[in-house]
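The values are calculated or read from the model by the stated rules, or taken from the named source; none is laboratory data. It should be emphasised that the depicted structure is a prediction, and the values quoted were computed from it without experimental measurement. Cβ coordinates were reconstructed from backbone atoms using ideal geometry, including for glycine residues, and neighbour counts include every protein chain displayed.
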Amino acid sequence: MITIALTKGRILAETLPLLDAAGIHPNEDINSSRKLVFETNEESVRLLVLRGADVTTYVRHGIADLGVAGKDMLMEYGLTDIYELLDLNIARCRLMTAAPVGQRRIDGKRQRISVASKFTNIARQFYEEKGVNVELIKLYGALELAPIVGLADEIVDVVDTGNTLTANGLEPRELIAHVSSRLIANKAALKVKYELVRHWSDKIGDAVRAQQPAAAGTDRGR
Ligand code: ATP
Ligand code: PRP
């Protein structure tokens, strides 16, 4: 038996067609079900549907052998006991800093900057490497509100079209990393269940290449 932990939300919407092309079909409609565990047409494959941060935890602890999670989650929560097997080329976006449009850039080497984010580990490392002095404020959503109401000078968040920033009077500042979703594996499972893990990661890899022939393996300039 192999268990695959999926990230719900926008990643799930883009993962299901890949699983379908790989020959994994859930026994019921994941989108309309409240269930968290799904059997599939393959007796040996079971799916879990979780929040992104929790996918890394389930894979790290070996409850799930494979997982699908955003690179942002892997950067934030680390790769202890986890292998990154494949770039799935879905849910592409960028991790960026952002601030109110036109706001004077604070010299963080002389003055402390307050930064709100749900990615506090990523933010800490990014500003530390630049030698900038930050106070980090952990938020769990609607990060764009923080600079508008004066909770923070800047935010660190994922940006795709930039529409959410614009709608809230913010502008992107510095690029931290390009993000897409990755297929990950528990390190022990990769040894103990080598054949099954390899089989399904190869199938999913084939599906990625088949669905995005032009984009697979490239950065599409983002
Ligand atoms: P949670 O519900 O766990 O708090 P969330 O609301 O951020 O997470 P989503 O917005 O579905 O959940 O984001 C899940 C993942 O999708 C992120 O980890 C990131 O990798 C990717 N992602 C987030 N926003 C975008 C976006 N605007 N465009 C493309 N990919 C995105
Ligand atoms: C994500 C992210 C940004 C937005 C960026 O939010 O947190 O707010 O996408 O995308 P854009 O640059 O195309 O506007 P999401 O839509 O997932 O809502 P959330 O607040 O539930 O995370």
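Scanning the range 98-116 for residues that are in contact with a Ser or Thr (Cβ under 9 Å, 6 or more places away or on another chain) and surrounded by 22 or more Cβ atoms within 10 Å (Cβ to Cβ) gives a single hit, Val115.
Screening Ser201 on (1) of a type in the set (S, T, N, Q); (2) out of contact with any strand residue (DSSP E or B) (no Cβ under 7 Å at 6 or more places or on another chain); (3) at pLDDT 95 or above shows it passes everything except condition (2). Selection of the range 132-187 for residues being polar (S, T, N, Q), more than 17 Å from Ala69 (Cβ to Cβ) and part of a loop (DSSP other than H, G, I, E, B) yields Asn133, Thr161, Asn168.
Scanning the range 47-84 for residues that are touching a residue at least 60 places away in the same chain (Cβ under 8 Å), assigned to a helix (DSSP H, G or I) and among the charged types (D, E, K, R) yields Arg60, Lys71, Asp72. If you go through the range 41-56, how many residues are away from ligand 1 (no atom under 16 Å from the Cβ) and in contact with a helix residue (DSSP H, G or I) (Cβ under 8 Å, 6 or more places away or on another chain)? Residues in the range 41-56 being away from ligand 1 (no atom under 16 Å from the Cβ) and in contact with a helix residue (DSSP H, G or I) (Cβ under 8 Å, 6 or more places away or on another chain): 3 in total. Annotation: of all residues in the range 6-26 being more than 13 Å from the chain's Cα centre (by Cα) and among the small types (Gly, Ala, Ser), the one that is surrounded by the most Cβ atoms within 10 Å (Cβ to Cβ) is Ala22. If the condition is being in contact (Cβ under 8 Å) with a residue 24 or more places away in the chain and within 11 Å of ligand 1 (Cβ to nearest atom), then the range 163-177 contributes Leu165, Ala177.
Scanning the range 10-29 for residues that are within 11 Å of ligand 1 (Cβ to nearest atom) and in contact (Cβ under 8 Å) with a residue 24 or more places away in the chain yields a count of 5. Looking across the range 49-67, just one residue is hydrophobic (A, V, I, L, M, F, W, C), more than 15 Å from Lys193 (Cα to Cα) and touching an Asp or Glu at 6+ places or on another chain (Cβ under 9 Å), and that is Ala53. Selection over the range 125-144 of residues that are within 15 Å of ligand 1 (Cβ to nearest atom), closer than 14 Å to Ser114 by Cβ and surrounded by 11 or more Cβ atoms within 10 Å (Cβ to Cβ) gives a count of 2.
Quick check on my filter: what residues within the range 138-167 are among the charged types (D, E, K, R) and near ligand 2 (Cβ under 7 Å from one of its atoms)?
Glu144, Asp157, Asp160, listed by residue number.
Does the range 42-58 include one or more residues that are within 18 Å of Lys203 (Cβ to Cβ), in contact with a His (Cβ under 9 Å, 6 or more places away or on another chain) and more than 16 Å from ligand 2 (Cβ to nearest atom)? Yes, there is a match, as at least one residue in the range 42-58 is within 18 Å of Lys203 (Cβ to Cβ), in contact with a His (Cβ under 9 Å, 6 or more places away or on another chain) and more than 16 Å from ligand 2 (Cβ to nearest atom).
Tell me yes or no: at least one residue of the range 146-160 is without any contact (Cβ under 8 Å) to a residue 40 or more places away in the chain, surrounded by fewer than 17 Cβ atoms within 10 Å (Cβ to Cβ) and either small (Gly, Ala, Ser) or within 14 Å of ligand 1 (Cβ to nearest atom) (or both).
Yes, the range 146-160 contains at least one residue that is without any contact (Cβ under 8 Å) to a residue 40 or more places away in the chain, surrounded by fewer than 17 Cβ atoms within 10 Å (Cβ to Cβ) and either small (Gly, Ala, Ser) or within 14 Å of ligand 1 (Cβ to nearest atom) (or both).
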